[in-house]
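Structure first, commentary second.
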Amino acid sequence: MTKTMLVTGGAGFIGSNFIRFVFEKTGFKGRIVNFDKLTYAGLRGNLSDIERRFGPKRYVFIKGDICNFKKVNAVIRKYDVSVIVNFAAETHVDRSIHGPREFIETNITGAFNLLECARANWKNRKDVRFHHISTDEVFGSLGKTGRFMETTPYDPRSPYSAAKASSDHLARAYFHTYGLPVTISNCSNNYGPYQHPEKLIPLALLKAVDGEPIPVYGDGGNTRDWLFVEDHCRAIWVILRRGRPGETYNVGGNCEKRNLETLRALFRALEKLKPSVKNQMLKGCRYEELITFVKDRAGHDRRYAIDSGKIKRELGWKPRFGFSEGLEATVAWYLAHGSRLKKTVAASYRAWLKKNYILR
């Protein structure tokens, strides 16, 4: 590919990993325009090395809000964008419960603006692609058996998942109504480097290292399907190259874990690199002893699990990283970068995070 790709939300967790993956592991020869609002979860520094190596000819960073139609439209025209990958979204369930307005504005209105800009600039072109990143949370909660498929009816339970469901429907509507070459992927829970410490794995990891209580909602039995972020990035790349316009692809790690299982696996990985007996912050206890059960979250979905059969059959994708391997890579990254990450997270958000026990 030698085209110009617009990546929205490219300074965030998955977006920054995707840009890094494209430049370093795909043979991509084109240009990436990273369009990011730089909210609390978006850090331009996540890609500082990419900016040094590939900018300004092949990597361009633009601070902007996808809700700003004129600015998005101007960027698409100026850089002759022919591929859009939309990561830009408010993503944290707890924050959507406390303040849903931002989620409606960014996840729905912002997605609408991107679709409208693409339609206005691309007309009836077929050599273009709009890929929209979604989540398994739009499907609601599973029982003890079964998995989400692309045909599973939507049943969102939080303002976050409802907003993402709305944007999914808009993307599909633009394909059916206007013929816009749209693809959608619904992924399971991602983990890996550069994830903001409001999410379960980095939050628990950083609290464990500091010897702080690790809050766990309810009985710790909520189940998630875990996907290493590089596997997700490779799936998106495969969809961009070979996915069929108008299609949705579920991307999962085939790795179901209860939250307590996830934490125990995390502690095992942490013990290899930073044994609890050598961590003075723990004052003699072990990492697992830091677990503290707290009141369950409102509308907390009990179980998610993704059926990735379609993308495996049609596009040949499957996850390459096992959970233990991915966790060890994640722990190693956070041990090396945790101090920097804490400093770059705004003080106001750190205070909010400490007050509200945030676990996804």
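Only the coordinates and a few stated rules stand behind these numbers; no lab work does. Since the model is a prediction, treat every value here as computed from it, not as a measurement. Cβ sites come from the backbone with ideal geometry, for glycine too, and all protein chains shown count toward neighbours.
Want the number for Lys70 to Cys285: 0.36 nm per residue separation, take away the alpha-carbon distance, what's left?
71.8 nm
Segment 174-237 to segment 56-135: how many Å between their Cα centroids?
Computed from Cα coordinates, the inter-centre distance equals 20 Å.
So for segment 1-124, taking the charge dipole from beta-carbon charges (+1 Lys/Arg, -1 Asp/Glu), which of Ala88, Val60, Val72 sits furthest toward the positive end?
Farthest towards the positive pole: Val60.
Efficiency by 1/(1 + (r/R0)^6): what FRET value for Ala120 and Arg244, r their Cβ-Cβ distance, R0 = 25 Å, to the nearest 0.05?
Plugging the Cβ-Cβ distance into 1/(1 + (r/R0)^6) gives 0.60.
When the chain is fully extended, how far beyond the present Cα-Cα distance does Thr26 get from Val277, taking 0.36 nm per residue of separation?
In short, 86.2 nm is gained.
Determine by what factor the alpha-carbon radius of gyration of segment 115-211 differs from 2.2 N^0.38 Å, reporting the quotient.
Dividing the Cα Rg of segment 115-211 by 2.2 N^0.38 Å gives 1.39.
Calculate the FRET efficiency for Glu102 and Arg313 from the Cβ-Cβ distance with a Förster distance of 35 Å, rounded to the nearest 0.05.
0.40
Mind listing the phi-derived Karplus ³J(HN,Hα) values for segment 81-86, rounded to whole Hz, using 6.51, -1.76 and 1.60 with θ = phi - 60°, and x for any glycine or proline?
3J(HN,Hα) across segment 81-86, in whole Hz: 5, 10, 9, 10, 10, 9.
Beyond a 22 Å Cα-Cα separation, which of these cross-linked pairs lie in this structure: Lys3/Lys78; Lys207/Lys283; Lys3/Lys126; Lys207/Lys272; Lys207/Lys318?
Lys207/Lys318
Stretched out fully, how many nm does the piece from Arg302 to Asp49 gain, at 0.36 nm a residue minus the Cα gap?
Separation in residues times 0.36 nm, less the Cα-Cα distance, equals 87.1 nm.
Just from its helices, what would the mean residue ellipticity at 222 nm be for the chain, if runs of 4 or more DSSP H residues each count -39500 (n - 2.57) and the sum is divided by every residue, rounded to the nearest 500 deg cm²/dmol?
The helix contribution divided over the chain gives -12500 deg cm²/dmol.
Given a cut-off of under 8 Å on Cα pairs at least six residues apart, what relative contact order in percent is computed for segment 139-260?
Computed over segment 139-260, the figure is 32 percent.
Work out from phi, with θ = phi - 60° and the Karplus expression 6.51 cos²θ - 1.76 cosθ + 1.60, the ³J(HN,Hα) of each residue of segment 215-228, listed in order in whole Hz, and give x for Gly and Pro.
x, 10, 5, x, 9, x, x, 4, 10, 10, 9, 9, 10, 5
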